[in-house]
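Remarks on the structure that follows.
Bear in mind these aren't lab numbers, they're just calculated from the coordinates by the rules spelled out. Everything quoted here is computed from the prediction, not taken from an experiment. Here Cβ is always computed from backbone atoms with ideal geometry, including for glycine, and neighbour counts include all displayed protein chains.
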Amino acid sequence: MPGQDRRKNKKLRRKKINFNKGYTPWNNKLQFELGAEADPSNGANIRVTRPEMEIYEAALTQHKGAANTLPTRLRPRHSYKEETEEQEDCSENIIVNFSKLKDFIKKCIKHRCRNHSKVDVAISKRMGLCISLRAMCEKCHFDIRSCKVYTECEKKSRGPASGYLHEAMTLAVLKTKMGGTDLQMALACLNIKVPSLQLISTNVNKQCDKMIELNEAAMIKNQQFVQEFNNCIGKENEVDVETDTAYNNRNQVGYEAGTQSFCPLIEKNTGLNLLMTMSTANKLCNKKINCSHNECKKTYSSEETISSSEGKLAEKILQKMNDHKILKVKSVTSDASAQLSKVVREFGKKSGNSIRYYQCFVHRMRTVQKYIKNLTFSKLQPGYDRDFFRQRLATCIRSRVRLELVRIHKISTQHHFATLAQSAIKNIVSCFSGNHANCKENSLACCAHLDTHNTKFLPYGVYLNLSVVDKKKIESALNKSLSLDVLNKISSLHTTNQCESLHHRVFTYAPKSVLHKRNFHGLCHSACHSSTFGTGKSSILLAKSLGLDFSKCAPFFKFMIRKDIIALYYSQRKKTAKYKIQKFFGKV
């Protein structure tokens, strides 16, 4: 056909003009000149690569260009996550009970198949740290189904019984500053599969509630012990107590970050410093939505300041003592708080008891030192450093006042204490200036009549050479901080040291850096229970109440007993003169 012939001729013509292999190009005789090489210092001549995703995200935070521009020339590389199949890791560590493991091995010994390579041991069931093992043989169909290698607690409700491990692992949360995430971290570092945080929190909540019951019963027994002590020595059924309030955040003017407070009541009769009762204030609610605050752990109104809880908690614990009708409060010692003095006075009228209010002796001595340290002297000896002189003088006067009051308290009655103390305090400035004419009559601490007397304790080791105006400033500061009324309030020389020691223990168990919305009250009770019995014995009693019946040969029991022995040794060592001398020279 004419159309087909035309197409064939067109293809033939097209082949003739195509360049075939082996042909010589038309420009083979031309020579091309190369241009100049690219300058590597010029950024435009460097090959651009796509950055990593981490570098791109870091550059994006510092990008200051337009919103529709990128911080890099090219987009970042895609990051692909490695897909890993979840499977049992044979390298993980597990916690098993030794006797349960022996029973499992005895069952495995019954396997009579010669081909032991077909036997496989695996974890058949896992409940947190509690696991069950299974052994099976592929050849002879030998199979030991789920065998528990953990000890179970006594079953008290429906569902499976809880394991010892779950109950025991959270004891450390109540008796140390460790939290739930810290416990998970410790287990993960041991290459043990960690239990869920919900399981840990549930156990901690349950143990805190149990701890409250134990400590409430222990405080009642402490009151009964003091009652028997008073009957034994022939005293009336009265007790001297001390109290002080601690907050999870320091109170500040204009802004109040504190949300929780703790107030104990400690006896002063027996010398054992037993806890009589305690109370807490908590402005935090652990419920998230629409809580009526009837079932949550919030015990203090959000509209009230936490600083006002000092007086309210003090009134609450005094009322608790009165309701128990075991002991009557004779006197209350605290720091110089206007709230407490008013509460004690009003509660005494309300209950019909004559309650005496005392101020802490140590707090008052700190006030004396502060007043002397803030004085401004008109003239000092050449070469004297003003700050060093005032600091050293304040320390010397505080030590002298303390020694005078302690010795007067030993030889005098409470009625004559303030008069004798005032005379001794007035004589201090003249004694430090080298005038000992009235020391024999008014002072019980001056040693100028002894051959071994020296003035090394004074600033620069010499008697004070001050003007009359400066001496009057010191006397005025002493009269202001140690007036006759103040001396009557510190005549018992009681302190709040035990309360402050208990505060330290409480905020070790419940650190101030963490907000314990639900369990603050329980952790405070745990600290108080540990102060009564010791950390070791308190842990043993708590474990026993939870159904953890550890034998006396168990590592848990041995460690707790050893812990209390070591704590008692260091406590007694700190009271020795040798330790105090070493500590003093260590500061110098």
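Per-residue 3J(HN,Hα) values for region 386-395, derived from phi via the Karplus relation 6.51 cos²θ - 1.76 cosθ + 1.60 with θ = phi - 60°, read 5, 5, 5, 4, 5, 5, 5, 5, 5, 5 Hz in sequence order (x marks Gly and Pro). Here the relative contact order of region 115-240, from alpha carbon pairs under 8 Å that lie six or more residues apart, stands at 14 percent. Distance between the pseudo-spin-label points of LYS221 and THR305 (7 Å out from Cα toward the beta carbon): 4.1 nm.
All distinct Cα pairs of the chain go into the 1/r average, and the inverse of that average, the Kirkwood radius, is 32.4 Å. Fully extending the segment from LYS583 to LYS350 would add 79.1 nm, taking 0.36 nm per residue of separation and subtracting the current Cα-Cα distance. Estimated from helices alone, the mean residue ellipticity of the chain at 222 nm is -15000 deg cm²/dmol (sum of -39500 (n - 2.57) over DSSP H runs with n ≥ 4, per residue).
Provide the FRET efficiency to the nearest 0.05 for the SER513-TYR255 pair, computing r from the beta carbons and using R0 = 25 Å.
0.85
Per-residue 3J(HN,Hα) values for region 308-321, derived from phi via the Karplus relation 6.51 cos²θ - 1.76 cosθ + 1.60 with θ = phi - 60°, read 6, 6, 4, x, 6, 5, 4, 5, 5, 6, 5, 5, 4, 4 Hz in sequence order (x marks Gly and Pro). Between THR333 and residues 5 or more places away or on another chain, which pairs have amide H atoms under 5 Å apart, with H built 1.01 Å from N, and which residues are they? Sorted by chain and number, the residues that satisfy this are VAL241, GLU242, THR243, TYR358. Among the listed pairs LYS283/LYS512; LYS316/LYS575; LYS373/LYS472; LYS175/LYS206; LYS426/LYS578, those whose Cα-Cα separation exceeds 23 Å are LYS316/LYS575; LYS426/LYS578.
With each label modelled as a point 7 angstrom along the Cα→C-beta vector, the PHE550-SER117 pair spans 4.6 nm. Excluding same-chain residues fewer than 8 positions from LYS110, which aspartates and glutamates have a Cα within less than 16 Å of its Cα? Counting by Cα, and skipping residues close in sequence, LYS110 has these aspartates and glutamates nearby: ASP120, GLU138, ASP143. Approximating the spin labels as points 7 Å out from Cα along Cα→Cβ, the SER292-to-SER196 distance works out to 2.9 nm.
Structure note, pairs LYS125/LYS537; LYS235/LYS325; LYS410/LYS440; LYS320/LYS370; LYS107/LYS139: Cα-Cα distances above 25 angstrom occur for LYS125/LYS537; LYS320/LYS370.
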